[in-house]
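Shown next, in structure tokens, is the structure this report addresses.
The values are calculated or read from the model by the stated rules, or taken from the named source; none is laboratory data. Computed from a predicted structure; not experimentally measured. As a convention, Cβ positions derive from the backbone with ideal geometry for all residues, glycine included, and neighbour counts pool all protein chains shown.
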There are 2 protein chains.
Amino acid sequence: MTELFGRIPEEKRSRIMEAAISEFAGCGYESANINHIAQKARVSVGSLYKYFDNKQDLFLSMVQFGSQVLKSKFDEVMQGDEDILVKVEKLLRTIQRHSREQRSMIRLYNEMTTQCDPLIVKPAATDMETPSAELYSSLILQMQQAGVVRGDIDVRMFAFLLDNIFMMLQFGYACDYYRERFKIFVRDDIFQNDDYVIDQVLKFVKAAFERREPVE
Amino acid sequence: MTELFGRIPEEKRSRIMEAAISEFAGCGYESANINHIAQKARVSVGSLYKYFDNKQDLFLSMVQFGSQVLKSKFDEVMQGDEDILVKVEKLLRTIQRHSREQRSMIRLYNEMTTQCDPLIVKPAATDMETPSAELYSSLILQMQQAGVVRGDIDVRMFAFLLDNIFMMLQFGYACDYYRERFKIFVRDDIFQNDDYVIDQVLKFVKAAFERREPVE
DNA sequence: GCAAGATGAGTGAATGGTCACTCACTATCT
DNA sequence: AGATAGTGAGTGACCATTCACTCATCTTGC
């Protein structure tokens, strides 16, 4: 992404981002067509190449943007000092809303996971995963010290397992294959029962994290 | 896949499958090159098109094959009537071994999840996910009736959550992005500590499924 | 105030490369 | 001889990227 892209009018910028995100999410990275993106955004291909070095640069910039958006929503939830389970519930609700409203961004993320080039994958993963890894780990540690969460666990492993649940739910709401899978495993009408899903996931998470013999 | 492919010599067939699986897993569906696959397998492109209708057919056949192989390993573990946790442990070990030995097959599966065409995705998902969904659900139900697993849960939702853990571990061992993510969340040397991973995952699963006040 | 030049954003047709798929042909059976 | 299997050069479509150009705006010297 060149600095020029940061200087063009807001409206044009979001037109381009919307076009790119929807094309990449709809066709996948390889099949996405730069010329289509330019057309959809009502911008010349030449301009697009003034804003981004190449197709990959455009793709990665969009993925990064998408993860920023989700991260900021999560950060908002994580503020305040409620119990871990209250926060998990809020995160789950955020996931349900965000996955539906910004389906394309989640699909982009899934698309990213199939990329192989280590020069791309490593920095992108570090960028996108480190914040959540730290966030969950410190939350769990904090709750552990408060005696709410059991002490006999590897905090980072459990943070990983928790984030796995979040990821699979996001994909379940946003990506076609994972959607089908969700329906097959549970029920066809699972997407009309958001509260039920949250209820069950909470039961699962609660039991996994809770201290066995609660103090007093 | 034409019936001719079933009639050619075993050795040639596996040469083709190996070449196709490694190409699709290494480059992704779109970038995979049919001509390369033919070369690698020491077969003419023409022949390849006598065995498979088109690129997509070849891809789907390979994905299906890969999932069959894993399924048969899982089925073996699921025989016998041990406790759910013993089985989960065995499944986790199978995942660790299989994800490393057959990395390409797991990658293929991840590649499948980014496909969008509903005409492809729906039957493929049904084919691949239904058996595990039924397997886990019936196991959990059985353990519930035996009083080992808590009764206050939606069996199918918990089967889903359990399979999520399995999937994310598979991807964590086999796919570049998920590998990085695993390292970021836990530790760089996590891939040298298979027993530790199993231990922690079991702690998580055990607590999630276990009856709260054990009988007797 | 203004002409002459400089700057750089914006354009889209053209290029060069790639690749799925075909088909006319050959080889090998029965 | 007819059927069946195998071949691989060739075709046509597609698409990322480039580049020669336009045009509006700014700068400078008078």
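Tabulated data
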| read-out | value |
| --- | --- |
| Filtered residues of region B:145-159 (kept if surrounded by fewer than 15 Cβ atoms within 10 Å (Cβ to Cβ) and within 11 Å of chain A (Cβ to nearest Cβ)) | B:D152 |
| Test: B:D117 is surrounded by fewer than 21 Cβ atoms within 10 Å (Cβ to Cβ) and over 30 Å from A:G26 (Cα atoms) | no |
| All positions within region B:38-79 that are over 23 Å from the mean Cα position of the chain (by Cα) and either more than 21 Å from B:L4 (Cα to Cα) or surrounded by 15 or more Cβ atoms within 10 Å (Cβ to Cβ) (or both) | B:A38, B:K40, B:A41, B:V43, B:S47, B:L48, B:Y49, B:Y51, B:F52 |
| Unmet requirement for B:I84, which otherwise passes all of (1) more than 16 Å from DNA strand C (Cβ to nearest atom); (2) at pLDDT 95 or above; (3) in contact with a helix residue (DSSP H, G or I) (Cβ under 6 Å, 6 or more places away or on another chain); (4) of a type in the set (A, V, I, L, M) | (2) |
| Filter pass, A:I198 being of a type in the set (V, I, T), assigned to a helix (DSSP H, G or I) and either more than 7 Å from chain B (Cβ to nearest Cβ) or surrounded by fewer than 19 Cβ atoms within 10 Å (Cβ to Cβ) (or both) | yes |
| Sole residue being within 14 Å of another protein chain (Cβ to nearest Cβ), among the small types (G, A, S) and in a helix (DSSP H, G or I), chosen from B:S31, B:S67 | B:S67 |
| Output for region A:176-195, where each listed residue is more than 8 Å from chain B (Cβ to nearest Cβ) and either farther than 28 Å from A:C27 by Cα or touching a helix residue (DSSP H, G or I) at 6+ places or on another chain (Cβ under 9 Å) (or both) | A:R179, A:K183, A:D189, A:I190, A:F191, A:N193, A:D194, A:D195 |
| Enumeration of residues in region A:18-37 that are within 25 Å of the chain's Cα centre (by Cα) and within 11 Å of DNA strand D (Cβ to nearest atom) | A:E23, A:F24, A:C27, A:G28, A:Y29, A:E30, A:S31, A:A32, A:N33, A:I34, A:I37 |
| Among residues of region B:155-179, those that are in a helix (DSSP H, G or I) and either over 22 Å from B:R107 (Cβ atoms) or touching a Ser or Thr at 6+ places or on another chain (Cβ under 7 Å) (or both), counted | 14 |
| Flag for B:L91 being crowded, with 17+ Cβ neighbours inside 10 Å and more than 14 Å from chain A (Cβ to nearest Cβ) | yes |
| Filter result (touching a helix residue (DSSP H, G or I) at 6+ places or on another chain (Cβ under 7 Å) and either free of Cβ contacts under 8 Å to residues at least 12 places away in the same chain or over 22 Å from B:P118 (Cβ atoms) (or both)) within region B:20-31 | B:A20, B:I21, B:S22, B:E23, B:A25 |
| A:Q142 being at pLDDT below 95, more than 14 Å from chain B (Cβ to nearest Cβ), in a helix (DSSP H, G or I) and out of contact with any Lys or Arg (no Cβ under 6 Å at 6 or more places or on another chain) | yes |
| Inter-residue pairs, beta-carbon under 8 Å, first away from every other protein chain (no Cβ under 14 Å) and in region A:36-50, second more than 8 Å from DNA strand D (Cβ to nearest atom) and among the basic types (K, R), 6+ apart | A:A41/A:K12; A:A41/A:R15; A:R42/A:R15; A:V43/A:K12; A:V43/A:R15 |
| Qualifying residue in region A:160-174 (condition: over 20 Å from B:N164 (Cα atoms), crowded, with 19+ Cβ neighbours inside 10 Å and at the interface with chain B (Cβ under 9 Å from one of its Cβ atoms)) | no |
